[in-house]
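Here the structure is laid out as structure tokens; the discussion comes afterwards.
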Amino acid sequence: METDFDPLDVTIGGPGDPDVVVVGGVHGDERSGVRALRRLREADLDLRRGVAFVLANPAAIEAGERYLDSDLNRAFPGDPDGDREERLAARLCELVDGRTTLSLHGTDAEPTPFALIHSAQEREFELASRLPVPHVVDHWGVNEATITTCGYTVEIELAAENSAAEADAAEDQARAFLRRVDALPGEPPDADPDYFHMSEPIPKPDGSSYEVHAENFERVPEGGVYASVDGRELTADEPFRPIMLSATGAADIFGYRGEKIGESLTDVTETWLGEDREPRNSG
């Protein structure tokens, strides 16, 4: 159907105007979210609220490319007069404004899935805490131009591989979200995540062979080996928790440094939100 939000690919279901949004395909090569959105559009869902199912970058999805002009998930809040992805970002930000939103993404890093939120939107912590993920990551101060800075939005990062299993995982996350916001009947799985803050990127030196020697979200002590380049070990100058650490992801970074900020939502609200939130490097 045509909507006021074209050229986004939007399908609306359920009663009334949509006040819930599920997004896939912000990056055209992250297929699990795209496949999950297409399944949900075709499913006979007992929707109890209006839901907009959005494929955010249709041309990039069709081309199998991350983006065509610029990175859509680094373009928010967008520019109506900008390049292709900047215009899409402006339209998508307009769509999610005032609506509860889930955005499905893919990453080469493990473990997945995890939730990515921006603590400027404090309600996101509460929503993410109730989704079936082991980790919730606040990226305040890093990658400030992502979709999480628009509206009331939580990203879920899943494995990037284009497989039926990952499409199943993405659909499971979307259905859990829809149940959690009372758009579908039933209760989602129990959730008991821990909480992290993502800080500065971990540079990837020039080389031809890369390995990682640390687990995402697990503490790397001072002096601990976290990666190697052409057999040369890289060690931590201070403790940190790696987030999205991968040898095969971005060309110029391994991932991000992080710190644990709580094991419960109470921890986060009492000790993190409302602080100046300077990284404490406590590991």
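Take the conditions (1) farther than 23 Å from Val268 by Cα; (2) open to solvent by less than 30 Å² (accessible area, probe 1.4 Å); (3) out of contact with any helix residue (DSSP H, G or I) (no Cβ under 6 Å at 6 or more places or on another chain); Ala167 misses just one of them, which is (3). Set side by side, the residues Glu161, Glu157, Glu110 differ, and just one is acidic (Asp, Glu), at pLDDT below 95 and within 20 Å of Glu65 (Cα to Cα), which is Glu161. Selection of the stretch 57-79 for residues being over 11 Å from Gly28 (Cα atoms), open to solvent by 80 Å² or more (accessible area, probe 1.4 Å) and under 18 Å from the mean Cα position of the chain (by Cα) yields Arg74, Pro77. Counting only strands (runs of 3 or more DSSP E) wholly contained in the stretch 173-245, the ones carrying 1 or more residues that are exposed (fewer than 14 other Cβ atoms within 10 Å of the Cβ), in contact with a strand residue (DSSP E or B) (Cβ under 9 Å, 6 or more places away or on another chain) and in contact (Cβ under 8 Å) with a residue 40 or more places away in the chain occupy 194-203. Answer with yes or no whether Ala115 is touching a Gly at 6+ places or on another chain (Cβ under 7 Å) and among the aliphatic types (A, V, I, L, M). No: the conditions fail for Ala115. Exactly one residue out of Pro132, Pro111 is more than 17 Å from His197 (Cβ to Cβ), in contact with a Pro (Cβ under 6 Å, 6 or more places away or on another chain), in a loop (DSSP other than H, G, I, E, B) and open to solvent by 10 Å² or more (accessible area, probe 1.4 Å), and it is Pro132. When Gly25, Gly14, Gly33 are checked against the criterion of being touching a strand residue (DSSP E or B) at 6+ places or on another chain (Cβ under 8 Å), at pLDDT 95 or above, surrounded by fewer than 21 Cβ atoms within 10 Å (Cβ to Cβ) and of a type in the set (Gly, Ala, Ser), a single residue qualifies: Gly14.
The values are calculated or read from the model by the stated rules, or taken from the named source; none is laboratory data. This structure is a prediction, so every number in the text was calculated from the model and none was measured. Neighbour counts run over all protein chains shown; Cβ positions are idealised from the backbone, glycine included. With ligands, DNA and RNA removed, areas are computed over all heavy atoms of the protein, side chains included. Shrake-Rupley method; radii C 1.70, N 1.55, O 1.52, S 1.80 Å.
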